[in-house]
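Just so it is clear, none of the values below were taken in a lab; they were calculated from the coordinates. Fair warning: this is a prediction, and the values are worked out from it, not measured in the lab. Here the Cβ positions follow ideal geometry from the backbone for every residue, glycine too, while neighbour counts run over all protein chains shown.
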Amino acid sequence: MSWGRIRRDPLDALFSEYIRKRAGWCCERCGICPSRRGLDCSHFHGRAKQSVRYDEDNAVALCKNCHRYFGSHKTEYEDWFKQYIGEERYNMLEGRMRQIGKPDKNALKLYYKQKITELDAIDT
């Protein structure tokens with residue numbers, strides 16, 4: 001069994017761009033707007049959970065400091081995350097997380113490209 005890092009693919013990069021762009025390139029916890037390299041796409045359920053790896057309710061944009069903090073304070077992250085997305089969306093996400101199977105990556109690529117295009121249109 002390999003305990004190495006989970007490999008990122010082009011869809012991971014596209015998803016990360018969407019999550020950070022959706023947040024206006026600012027941390028959704030503390031509100032600072034660091035450089036683009038200073039903002040992470042933080043998955044509530046880790047990327048190993050294929051059923052929600054690319055689920056937009058499963059990710060928020062966090063600065064490096066907030067991401068690191070929540071990585072060491074899981075209970076606080078859960079409390080904050082549940083409040084941030086709301087109880088109903090949180091419960092729905094929990095249900096989707098328990099599903100078995102891999103997502104349709106081609107459909108998700110098209111979806112997130114469209115979502116980014118829509119956000120870009122708002123910015124111009």
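Amide H to amide H, which residues 5 or more places from CYS63 or on other chains are under 5 Å from it, using H placed in the peptide plane? Distant-sequence amide H within range of CYS63: CYS27, GLU28, ARG29, CYS30, ASP40. For the residue pairs LYS74/LYS109; LYS21/LYS113; LYS21/LYS109; LYS82/LYS113, alpha carbon separations beyond 18 Å are given by LYS74/LYS109; LYS82/LYS113. For the chain, the 222 nm mean residue ellipticity estimated from helices alone, with every DSSP H stretch of n ≥ 4 adding -39500 (n - 2.57) and the total spread over all residues, rounds to -16500 deg cm²/dmol.
Between the residues LEU11, TYR111, HIS45, the greatest Cα displacement towards the positive end of the dipole of the chain, with unit charges on the Cβ of Lys, Arg, Asp and Glu, is found for LEU11.
What the phi angles of the range 105-113 give under the Karplus curve with 6.51, -1.76 and 1.60, with θ = phi - 60°, is a coupling list of 5, 5, 5, 5, 4, 4, 4, 6, 4 Hz, glycine and proline written as x. What is the magnitude of the charge dipole of the chain about its Cα centre, with +1 placed on the Cβ of each Lys and Arg, -1 on the Cβ of each Asp and Glu, and no other charges, expressed in debye to the nearest 20? I would put it at about 600 debye. Among the trypsin sites (Lys or Arg not before Pro) in the range 46-124, those placed in a DSSP loop whose Cβ has at most 14 other Cβ atoms within 10 Å are ARG98.
Return the FRET efficiency for the residue pair TYR90, ASP12: r is the Cβ-Cβ distance, R0 is 25 Å, and the value is rounded to the nearest 0.05. Calculated transfer efficiency: 0.65. Shown in residue order for the range 86-102 are the 3J(HN,Hα) couplings computed by the Karplus curve 6.51 cos²θ - 1.76 cosθ + 1.60 at θ = phi - 60°: x, 4, 5, 5, 4, 5, 5, 4, 4, x, 5, 5, 7, 6, 9, x, 9 Hz (x for Gly and Pro).
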